[in-house]
């Protein structure tokens, strides 16, 4: 008999540890020797956390949000048999929010014990690697190309093509680097995998290693994720002890140090080498000259964690999901001012409106919706009128937006888009690596120009100047930080001009 | 039932140390453990910060020598990253997320409330040395905004009452 209480850090942030302790205490005071508490990852239904599940003959039954104070009551009501209670949500798999999803990358997250290798294998783990081992490196690369998988970090570059370049570049040493520097506000999918299903990333990186001939992998994790870091490091040790990592392919887990720019792949490589996280000019591409000057695959965590299911089920299975050139599933992370914020893995093509209303349930404050920022701090702000845009790389690019890593941050009508535009410039100034002038200096000038616009100083000329500055950042920056900061700024000016026109005291 | 822990591991890798007195011998032990790693500088700086709660300027020559780098290179790396502190911080580290998702749920008001309560601005340490207050740009707890982290422990849907409770409880510890 098993009870599941998540150890995901979002669940912890609303008291999952205290709930687990209360359940343990109740088990022992009732002398229930056959009941085990498993600390699973999160299902991603965060408004229901801490979400407690019990195993029954019918399947897993969910209760949530559970507080330590209701634990005794839940036991009295027959929670262990899955009996009704005000907090009972029925069978977990039947909760509509989950049932309507297509969970491929997140197939196991929240179901298994994250650090149990046998649990991982019992739920289809290492099937992808098993098949990849029977294939040539060229065939592995080809399968990845055929799956249509594109980089989930934001750039959307075809993963298989990147791998092909690394495969074809001869070298004595090659590397697989996982970018787990998930710095975009509104995103948490990487964190959920690291805390909830770390072996899937290890398997994906191992397949990538086979594909290109790399024997060493690195996972670069941001320091804001201490729980993810710890789980990942432990998972690597467990995989090594079991012989899944070793001389043929091994992984080292590294910690970032609070620099957003290190999510940019060349900065990340510099940081891994022990340097300031400053952007490298391209070419050469990291695929040709990457970590320590060697050919390197740098992939986002979600891209790598999606590889095992592609090899388990086949490229065709994966590419059958999605629309246009966006194949497979997108891990949408609903965030900010939403009633039901959580992880939604769906085939590409869901509209923003469906994500925000059908899943998100509208604003948490109950006030009218005003704006949504998709794709993190470098993503555009969209108004109501653009909510029918489907979540698809090309459809978003057409509306001068980007999907990025899939974060969706909703704002109600109290938001001031001039303030948000100012913050975009301020953030760029704080996080700029300083290598290129447009980003280093332009961001500070941008804050000043927006301040003048808001203060009503020479507004028309300063708006023109802001636009000009944005074009300079767009065209002249070395990387996406400077190059995309104009997205939130210009979209705010374009879609919400009234916020730049009110004179503020 | 808790997540398995590695011996000697702490919740927060950049938490203030229990023994913050600079000691070159202790520093050298940590440096030597890690100096043969490829790209060892960040792991070493994290280890020093874990040991002392900050990276003392006196560590620069030791690290330079161990890694065959110039003092300027090591100094440059320490000052590039927001995480590395060059002087000891408060006994508790309170990080408040002020990125967009938390903004949408009122983190700016929460920041003002905490700054008033502690009489310290973001980036400062309180006069009694109890708290260092730092902004953070996303804790990955965006479904439960606004979010804070106190000594490496995450908290979500944080109201003014909740943050008051957290601060008052930590102060009594």
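If you filter the stretch A:285-320 down to residues that are part of a loop (DSSP other than H, G, I, E, B) and out of contact with any helix residue (DSSP H, G or I) (no Cβ under 9 Å at 6 or more places or on another chain), you find that the one that is surrounded by the fewest Cβ atoms within 10 Å (Cβ to Cβ) is A:320.
Here is a list: A:205, A:232, A:192. Which entry is assigned to a helix (DSSP H, G or I), free of Cβ contacts under 8 Å to residues at least 60 places away in the same chain and surrounded by 24 or more Cβ atoms within 10 Å (Cβ to Cβ)?
Being assigned to a helix (DSSP H, G or I), free of Cβ contacts under 8 Å to residues at least 60 places away in the same chain and surrounded by 24 or more Cβ atoms within 10 Å (Cβ to Cβ) holds for just one of A:205, A:232, A:192, which is A:232.
Residue B:100 fails exactly one of the following numbered conditions: (1) free of Cβ contacts under 8 Å to residues at least 24 places away in the same chain; (2) within 8 Å of chain A (Cβ to nearest Cβ); (3) under 16 Å from the mean Cα position of the chain (by Cα). What is the number of that condition? Exception for residue B:100: condition (3).
Of the helices (runs of 4 or more DSSP H) lying entirely inside the stretch A:446-502, those containing at least 1 residues that are under 13 Å from residue A:421 (Cβ atoms) span A:459-476, A:486-495, A:498-501. The number of residues in the stretch A:68-90 being in a helix (DSSP H, G or I) and either within 12 Å of chain B (Cβ to nearest Cβ) or closer than 29 Å to residue A:188 by Cα (or both) comes to 4. Considering the stretch A:18-40, and only residues there that are buried (at least 20 other Cβ atoms within 10 Å of the Cβ) and at the interface with another protein chain (Cβ under 8 Å from one of its Cβ atoms), the residue that is nearest to residue A:114 (Cα to Cα) turns out to be A:39. With respect to residue A:125, is the statement that it is in the same structural domain as residue A:222 (by TED's automatic domain parsing), at pLDDT below 95 and touching a helix residue (DSSP H, G or I) at 6+ places or on another chain (Cβ under 9 Å) true? For residue A:125, the condition - in the same structural domain as residue A:222 (by TED's automatic domain parsing), at pLDDT below 95 and touching a helix residue (DSSP H, G or I) at 6+ places or on another chain (Cβ under 9 Å) - is not met. Looking at the stretch B:133-146, can you tell me whether even one residue there is surrounded by fewer than 24 Cβ atoms within 10 Å (Cβ to Cβ) and farther than 20 Å from residue A:431 by Cα? Taking every residue of the stretch B:133-146 in turn, none turns out to be surrounded by fewer than 24 Cβ atoms within 10 Å (Cβ to Cβ) and farther than 20 Å from residue A:431 by Cα.
Here residue A:283 meets each of (1) under 24 Å from residue B:36 (Cβ atoms); (2) more than 14 Å from chain B (Cβ to nearest Cβ) with one exception, condition (1). Is it fair to say residue A:43 is more than 24 Å from the chain's Cα centre (by Cα), within 14 Å of chain B (Cβ to nearest Cβ) and not in a strand (DSSP E or B)? It is false that residue A:43 is more than 24 Å from the chain's Cα centre (by Cα), within 14 Å of chain B (Cβ to nearest Cβ) and not in a strand (DSSP E or B).
What about residue A:153, is it within 24 Å of residue A:327 (Cβ to Cβ) and surrounded by 23 or more Cβ atoms within 10 Å (Cβ to Cβ)?
So residue A:153 passes the test.
Take the conditions within 14 Å of chain B (Cβ to nearest Cβ), at pLDDT 95 or above and at positive phi and apply them to residue A:263. Does it pass? Taking the combined requirement at face value, the residue does not satisfy it. On the stretch given as the stretch A:422-445, residues that are part of a loop (DSSP other than H, G, I, E, B) and in contact with a helix residue (DSSP H, G or I) (Cβ under 6 Å, 6 or more places away or on another chain) total 3. Name every residue in the stretch A:382-438 that is out of contact with any strand residue (DSSP E or B) (no Cβ under 9 Å at 6 or more places or on another chain), surrounded by fewer than 17 Cβ atoms within 10 Å (Cβ to Cβ), more than 24 Å from residue A:500 (Cα to Cα) and more than 12 Å from chain B (Cβ to nearest Cβ), in order of residue number. The answer is A:397, A:398, A:437.
From the residues in the stretch A:1-17 that are part of a helix (DSSP H, G or I) and at the interface with another protein chain (Cβ under 8 Å from one of its Cβ atoms), which one is surrounded by the fewest Cβ atoms within 10 Å (Cβ to Cβ)? Among them, the one singled out is A:17.
Here is a check on your reading of the model: is residue A:440 over 28 Å from the mean Cα position of the chain (by Cα) and either more than 30 Å from residue A:331 (Cβ to Cβ) or assigned by TED's automatic domain parsing to the domain that holds residue A:342 (or both)? It is false that residue A:440 is over 28 Å from the mean Cα position of the chain (by Cα) and either more than 30 Å from residue A:331 (Cβ to Cβ) or assigned by TED's automatic domain parsing to the domain that holds residue A:342 (or both). I'd like the residue in the stretch A:47-67 that is within 14 Å of chain B (Cβ to nearest Cβ) and under 17 Å from residue A:20 (Cβ atoms) and, out of all such residues, is surrounded by the fewest Cβ atoms within 10 Å (Cβ to Cβ). Here the residue is A:67. Scanning the stretch A:254-273 for residues that are in contact with a helix residue (DSSP H, G or I) (Cβ under 9 Å, 6 or more places away or on another chain) and not in a helix (DSSP H, G or I) returns A:254, A:255, A:256, A:257, A:259, A:264, A:273.
With respect to (1) in contact with a strand residue (DSSP E or B) (Cβ under 9 Å, 6 or more places away or on another chain); (2) in the same structural domain as residue A:227 (by TED's automatic domain parsing), the lone exception for residue A:106 is condition (2).
For the stretch B:148-167, which positions are in contact with a helix residue (DSSP H, G or I) (Cβ under 6 Å, 6 or more places away or on another chain), at the interface with another protein chain (Cβ under 10 Å from one of its Cβ atoms) and modelled with pLDDT of 95 or more? Within the stretch B:148-167, B:154, B:155, B:156, B:157 meet the criteria. Reported count of residues in the stretch B:32-50, each being in a helix (DSSP H, G or I), more than 9 Å from chain A (Cβ to nearest Cβ) and surrounded by fewer than 22 Cβ atoms within 10 Å (Cβ to Cβ), is 5.
The values are calculated or read from the model by the stated rules, or taken from the named source; none is laboratory data. Note that the structure is a prediction, hence the values are computed from the model and not measured. Every residue, glycine among them, receives a Cβ derived from its backbone with ideal geometry; neighbour counts consider all protein chains shown.
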